[in-house]
1. Would you please give the residues with an amide H less than 5 Å from that of LEU24, counting only those at least 5 places away or on a separate chain, with H modeled from the backbone geometry?
2. Taking the simple approach of a point 7 Å from Cα along Cα-to-Cβ for both GLU9 and GLU55, what is their distance in nm?
Amino acid sequence: MGLEEKYDEVQKLIDIGKEKGYLLYDEVSDLLSDNFPGGREVDDLLAELDTAGVEILEEPKADFEKKVE
């Protein structure tokens, strides 16, 4: 996967996260497992998601909120 494709995938993931307000660990993991460089790039991705106000959850938000109640 080229740098441009990686950036496109990251941007799509961020856009989805902004729309829903969260991402699932599995969604982030899928991106990271596709030959995504480790270390600093992962930190940058997580920081970007945090800055965008995107939470990373284990389960979809509706299920998550039900369990909290």
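Just so it is clear, none of the values below were taken in a lab; they were calculated from the coordinates. Keep in mind it's a predicted model, so treat the numbers as computed, not measured. A quick note on method: Cβ atoms are made from the backbone with ideal geometry, for glycine too, and the neighbour counts reach across all protein chains shown.
1. Excluding prolines and chain starts, which carry no amide H, the hits are LEU57.
2. Computed distance between label sites GLU9 and GLU55 equals 2.7 nm.
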